[in-house]
Amino acid sequence: MNNQHIDPVCGMTVVPEKAAGKSTYKNKDYYFCALGCKKRFDENPDFFLEKGSQGKHTAKMIQPTMLQIPVSSQPLQKQTPVPKQNIRKLQLLIIGMSCASCVMRVQDSLTNVDGVMMASVNLATETATIEFDTSKVKFEQLKTAVESIGYKVVDVPQDKIQEVEEDLHKKEYQKLKNRFNVSLILTVPITLISMTMVWEHSPFIFFSRHTWNILFFFMTIPVMFWAGDRFFKGFWTTLKHFTADMNTLVAVGTSAAFIYSAAVTFFPADFTLGGHTSHVYYDTSAVIITLILLGRLLEMRSKGKTSEALKKLIGLQAKTASIIHDGKEVEIPLEQLHIGDIVIVRPGEKIPVDGIIIEGTSSIDESMITGESVPVDKHIGDEIIGATLNTTGSFKFQAKKIGKDTLLAQIVKLVEEAQGSKAPIQQFADRVAAVFVPIVIVIALLTFIGWYLSGALFTNALINFVAVMIVACPCALGLATPTAIIVGTGLGAQHGILIKNANVLEKLRKIDTIVFDKTGTITTGKLVVTDVVSSDIFSENDILFYAASLENFSEHPIAKAIVDFSNTKSISLTSPKNFNSITGFGAEGLVEGKQILVGSAKLLSERNIGTNKSKFYDAYFEQGKTLVFVSIDNKLAGIIAVMDATRPESKISVNRLHKLGIRILLLSGDNRQVVESICKSNGIDNYFAEMLPQDKIKEIKKLQNAGRIVAMVGDGINDAPALAQADVGIAIGTGTDIAIEAGDITLVKGNLMGVISAIRLSKKTVTTIYQNLFWAFIYNLILIPLAAFGILDPMLAAGAMALSSVSVVSNSLRLKRIKF
């Protein structure tokens, strides 16, 4: 046995004397079972010499192993040695988190509990994953740590967390929607009537101004303290921890306007100057609350997409399995299946779990994993993957991985974790609020004290105080981002670009690397006939007639491509006799009395029919084409070449992205020759072939670790984890629903030129957002000093605030001028 070696690429045992090739690397000899393995090894020997890597890198040997799961947020860890038996990991379902600062507060609070080794908070799923020492930490301590800072922990079994979270999310969304509707219904009349009361001939003069003020007071109360209660709760939470965010701005601004207006309403004599009662600002409070509620509602709606994608992934799994029990075939629920059970799978059925074929052969559609449209031939000893589709033959297999260990379960976890790992970008307004709000409050208080101590009337001092608070009210600040996003995303939707949220827009403009999937992205994902080579005896139409007439009885994608191509040639087909599908190889039968055999070179070789393989293979194989041999009466009559057609706009899109300075990379599950051919024809320099979903994730993480900002463009189920892991996931709209849900952007029309349009839209929209924020703050910077010195009364302050809002909206509407 000493003269045997292991092929470092495929893992097969090789005898040096019979080896197809040999390479020497670092003074050591390596032997190969095939020249293809030698070629791959010579290109990157270190890749195949990693400890324990032999045989794990071939495309044929798909390993449904445990995947490396990306973490949700950046976990905080404590390096404390703890006995393994004392370590436990659990999830907490947490209600009340709304932003990145909430995540950090919860994470900090949990990691401060003695005995907690790691806490990772996932805003997308509203959960915290905690690893802790059971000898030091109890569940109640973790619950207390979270609830002590203003959030709520839902006590629910670990296996029911996702189900309960989805139910709570639906209820919370409906609750918020109801509050927004009530707020809107009350705010519209408050605002319209307030605006018209300054007219001499207002249609609402049937009530006195004082009566309207009382009505406004009672109408604003439910808007402020029922519909907008979340802002005041959030303000109280941040106040207890000496921080400030958007909730602080909303609560302080609306409260100042409301309290002052209430004082004017019920003590009008104290606020009368020159015979005129001071103006009230109920409309200001109501409008701010309603607009911010709208933003929260849209945010929550987008957030719900995470669970939808996961539910669709889980739905791919078979519900039952047919097993052999006591010599009889029995159908059982998937939950009752055990490792080692013998499972029967028939044509058209989903494979229940991962396993190894022990009897029979078939062709299996693994497109959900590999993204490739051509079914993979499987024989005894080959590994199969749960949730893939059996297309032709029947077979038996032994279950090897079930439940959470299957490849599909791991992909589900990849999507969930990768989505959660993309922490929301801290909004500019939130960052400024931490400094802006305390400064404004201090200025307002100093204004009041200064005026009062200088001998001014209490009402004058209070009016100036309120003027400062009103002019600093975040109405324009609240509009700055949503108006630009509404216009930008609306414009994108009109042109087939669906964008999920503002964070995606901000990231997309910074992208410097784009990773493309091949099948269904650079290519159409549909096999087409590219060449027909005929012998001297038969014409091309003859070859197509006999092949298509036979293949018309087959559902194989290659057969369908041949039939479709014959239809474009207006060739009338006939029905074959004695049709026989040869699983994994081809088909045979009689067509107009002639014995027709259509299939692979191996099939013809087994029938002792020459294929002239060397003459045709090299040229077509280098172009990434699949060859179908056609035999008539046991003689080679012709060859039909098929391949996955390239999208017509692929090359143009790649060229334009290169001009933008963006690096392009192709990751595909297809074989090296096909991928290399596609890259050459489309101007793509960098590529990786024969990649599984976990391989794509690893490559994207490598790019991110190197400082690259990565966008992933894909369409398949197998692309979903990579789409989620990338900084921006761009899904082709003609692909699977799951890829679309996992992506951040969807190109509805499936045209790659949409990638360029999305980048341009991103840059324009984000520029507009920053312009809006500039206008929102410039009014404050100029007018706060004027209000403090008594030059600006609350009425003019409200007018200036309204003007800043108008300028923000007008600037956002300019986005409609973008040309695609």
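The values are calculated or read from the model by the stated rules, or taken from the named source; none is laboratory data. No experiment lies behind these values; they were computed from the predicted model shown. Please note: Cβ atoms are built from the backbone with ideal geometry, for glycine as well, and neighbour counts cover all protein chains shown. Keep in mind that these areas ignore ligands, DNA and RNA; they rest on the heavy atoms of the full protein, side chains included. Shrake-Rupley method; radii C 1.70, N 1.55, O 1.52, S 1.80 Å.
Once phi is turned into θ = phi - 60°, what whole-Hz ³J(HN,Hα) does the Karplus curve with 6.51, -1.76 and 1.60 give for every residue of the stretch 591-605, x standing for Gly and Pro?
Once θ is set to phi - 60°, the couplings for the stretch 591-605 become 10, 6, x, 9, 7, 10, 10, 10, x, 7, 4, 5, 4, 5, 5 Hz.
Hey, can you find the accessible area per residue of the stretch 533-665 for me, probe 1.4 Å, expressed in square angstrom?
51
Order these peptides, 517-527, 21-31, by their mean beta-carbon neighbour count within 10 angstrom, highest first.
Ranked by mean Cβ neighbours within 10 Å, highest first: 517-527, 21-31.
When a/c is below 1.5 the answer is rounded, else prolate if a/b is larger than b/c, else oblate, so apply that to the stretch 502-543 with a ≥ b ≥ c taken from the square roots of the Cα gyration tensor eigenvalues.
prolate
How much FRET efficiency would the formula 1/(1 + (r/R0)^6) give for N705 and R209, where r is the Cβ-Cβ distance and R0 is 56 Å, rounded to 0.05?
With R0 = 56 Å, the Cβ-Cβ based efficiency is 0.30.
Stretched out fully, how many nm does the piece from H379 to E359 gain, at 0.36 nm a residue minus the Cα gap?
Net length gain for the segment: 6.4 nm.
Give the residue from H658, I609, A637 lying farthest towards the positive end of the charge dipole for the stretch 557-677; charges sit on Cβ (+1 for Lys and Arg, -1 for Asp and Glu) and the dipole is referred to the Cα centre.
With unit charges placed on the Cβ atoms, the residue in question is H658.
Once R0 is set to 45 Å, what does the formula 1/(1 + (r/R0)^6) return for the Cβ-Cβ distance between T568 and K171, expressed as a FRET efficiency to the nearest 0.05?
Working: r = 55 Å, r/R0 = 1.21.
After rounding, the FRET efficiency stands at 0.25.
Label K404 and D531 with points 7 Å out from Cα along Cα→Cβ: what is the distance between them in nm?
5.2
Place the peptides 653-659, 256-262 in order of packing, highest mean first, counting for every residue the other Cβ atoms within 10 Å and averaging per peptide.
Working: 653-659: 17.0, 256-262: 22.9.
Those peptides, ordered most packed to least, come out 256-262, 653-659.
Could you give the nm distance between label points at V164 and I324, where each point is 7 Å from its Cα heading toward the beta carbon?
A separation of 4.4 nm, rounded to one decimal place.
Quickly rank 503-515, 171-183 as a protection proxy: mean count of other C-beta atoms within 10 Å, highest first. Display every interim value, and only then the final one.
Working: 503-515: 21.1, 171-183: 15.2.
The peptides rank, most packed first, as 503-515, 171-183.
Counting only the heavy atoms of the protein chains, how much of K764 is accessible to a 1.4 Å probe, in Å² to the nearest 10?
100
Stretch H495-L457 to full length: gain in nm at 0.36 nm per residue minus the Cα-Cα span?
Contour length minus the Cα-Cα distance gives 7.7 nm.
Just grab the label-to-label distance for N634 and S605, each label 7 Å out from Cα along the Cβ direction, in nm (one decimal).
Result for the modelled spin labels: 2.0 nm.
With all protein chains present, how much of the accessible area of the stretch 601-684 (probe radius 1.4 Å) comes from carbon and sulfur, to the nearest whole percent?
Heavy-atom surface of the stretch 601-684 belonging to carbon and sulfur, 1.4 Å probe: 45 percent.
Tell me, what is the FRET efficiency for I332 and R814 to the nearest 0.05, using R0 = 41 angstrom and their Cβ-Cβ distance as r?
0.05
Figure the gain on full extension for I339 and L446 (residue separation times 0.36 nm, minus the Cα-Cα span) and round it to one decimal in nm.
Full-extension gain reported as 31.1 nm.
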